[in-house]
Each structure stands twice: as C-alpha cells, then as structure tokens.
Amino acid sequence: MKSIFFKTLALCFVALSLWSCKKDETQTVSTIGAAGTLTASTTTLSLVQANGAQAALTLSYPLATSSGYVVPVNSTLQFALKGTNFAAPKEVVVTTKTYAPTVTEINNMILALGGKVGTASQIEVRLKSGAAVNDLTYSNVITLTATPYLASAWIYAPGAYQGWDPTTADSLISLSSNGIYTGMIAYTAGNLEFKITPAKKWDVAYGDAGAGKISSSAGDNLKSPDAIVKQVTVDLNAKTIVFSTPNEWSIIGDATLGGWNNDTDMKVVNDGKSNNYSVKTTLTAGALKFRFKHDWTVNLGGSITALTNGGDNIAVTVPGTYTITLDVAAKKATMVKN
C-alpha cells in the first residue's frame, strides 16, 4: 500500500513537472506583427540646394510590434536605386511613425546610391520590420523620382608638408557629397605624415588604422608612400584611404618648372561652388599646355579664352610668378601675373 502511494505521488510530480514545462513553453511564444503600409506625402521630389534644410517629403508607416512574449523588434526604412532589388540599400532605423528627410539628406542619399547630378533618378523605399534575420517582413514599395544637384563637400589633410595647420591644409573634394573625397597633395622628403580632418580644426582627426583603413580613434599619423605629388582618395563611408598617381589636371611645357617631361599639378579651387583648377607657379618664357591624368590623350591648348582639345601650345612671353586657373567646363583659362 505504501509502495502504491509513493508511486502515485511520483506520477503526480512528473505530471506537474510536464504541465509546468508546457506552461513555460507557452509563455515563450512571441508573435511579430508584419510590416504595415508605407505612404509618402509626395513621390516627385523637388531638390533645390537653397531649400536644403527643408523636408523633401514625409514617409508614414506603423512601427513594428510583438505580442505574447514581447521581444525587441526594429523598423527600418530601406532606400535603393530602382531596379537593384534592394541589393545594397541605404538603411535608416526609425523609432517614430513618420520620417521627413531634408532636401540635403535625400540629395546626398541619391548620389551615394549611384544617381547622377542633373539626371532624373528613381529610388525605391520600403519598410523592413522584424526581430531577427529569419523573421523579417517588408511593406509595399514606393518609387520616388528626383534630380540631384551638385553639392560639393570638402575635407582637409593637415600634415608635416604644410606645418600641421588645419586652417591652411590642402583639401580633398567630393563633387557629389557621396562621402568619397579626392585631391592632390605635394609631399616633400621628410614631411610624409599627415591626418584627415572633416573641418579646418582638430576637433575630429582620422589617423592610420592599418591595411589602408583610417579611424578617428587611431593615434598614428597617416603617411604618404612617396615624397611626390600623390592623388589621395578618402572614403569616409568605408573608412579607407588610397594613394595613386594624380588623376586630375596639370600644366606642362618648357615654360613650366618641369619642362615637357614633368607635370606641374593643379588643385581644385576650394570655393565650395566650382570644380575649377588652379596653381600658383613660376613660369619662364616658352609655352605650356593643360593635360589630364598626366597623359596626352586629353590636353587643352590654343587660345586661353577658347581652349580646344589638342590645340596649339600656349605662349608665355613674360617670365614671372603666375596664378593659373582652368575652367574645364567652359574650356577657358586665366593667367594672372602676381
């Protein structure tokens, strides 16, 4: 009788344990709500640089939810060029039910995605919701049409070559504000080290993180591989830096310091508005031409007010120090004796 009692008691404990486990299992079930409907205040956007701080549009949507056993869920807006099937989207995590990016933000996003300045582009946007990679849902897709404008942006490269002064450092330019900056720096022997700053001050400075990477927390200085003019390209999206042969405009000729065998590189005019090129240099009596990429495939000569590709040499009759400016788009140049 005693044995039967204990067996019965044991069965009760087993049953109670199973019931308890089942109850706990029920508590861990979570239901994630599907991504809701995405709406836009407009789908044809007017991008005007003067209105950069104004909202380009307003996107509205429900936020992701979970029920049962509540787990953290995220709502993310994905933007991509139409036709790419969101293969490499730009993502914005949202915590409110509306998102109103500015004209500047949308313009920069389109350019970063691969849109072209002055050309109508279509970008698609959708809402991504979920708690895990294997539990994601997506909203309807909305197509936005806009024509991005040229919005130059600049960063700077203070270093030993110019006395470590950010206010007078050479600049790198991003003509489309897509986070990729390029420019030419004339490094000299013993003065190869430098850093990258987003502004003309030391508040934030990028140093060498190794293997072609840069970091704002890295303490080591960046260093040019050679004591010559180098094309420097910085990608602040990927946090990378690349040194290469100059890929911009220069002057060459027997009137220049390098003669017909060595280019004198020009730099982009740092006025925040244009992509003209300029150089201040000493000239002797003789001739010169403008050329691109240190190569004769593209070279400009003839009249400096109406330059032509492959045109005649440009005569220099009075020696001296000149400031030479080239407007590539207008095919004209100025040579001002200082």
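The values are calculated or read from the model by the stated rules, or taken from the named source; none is laboratory data. Just so we're clear, the structure is a prediction, and the values are computed from it rather than from any experiment. For neighbour counting, all protein chains shown are included, and Cβ atoms are generated from backbone atoms with ideal geometry for every residue, glycine included. When the accessible area is computed, the model is the full protein with side chains, heavy atoms only, and any ligands, DNA or RNA have been set aside. Shrake-Rupley method; radii C 1.70, N 1.55, O 1.52, S 1.80 Å.
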When only C-alpha pairs under 8 Å and at least 6 residues apart count, what is the relative contact order of the range 142-265, in percent? 20
How much of the accessible area of the range 160-207, in percent, comes from carbon and sulfur atoms when a 1.4 Å probe is used? 54
Accessible area (Å², per residue) of the range 218-338, counting only protein heavy atoms and a probe of 1.4 Å: 49
Label-point gap, in nm, between Thr240 and Val318 - each point 7 angstrom along Cα→Cβ: 4.9
With the 8 Å Cα cutoff and a minimum separation of six or more residues, the range 280-335 has a relative contact order in percent of 38
Give me the net charge for the shell around Gly36: Cβ to Cβ below 14 angstrom, other residues only, Lys and Arg +1, Asp and Glu -1. +3
Give, as a single signed number, the net charge of other residues whose beta carbon lies under 9 Å from the beta carbon of Thr321, with Lys and Arg counted +1 and Asp and Glu -1. +2
Extending each Cα 7 Å along its Cβ direction at Asn140 and Lys332, get the distance between those two points in nm, one decimal. 5.2
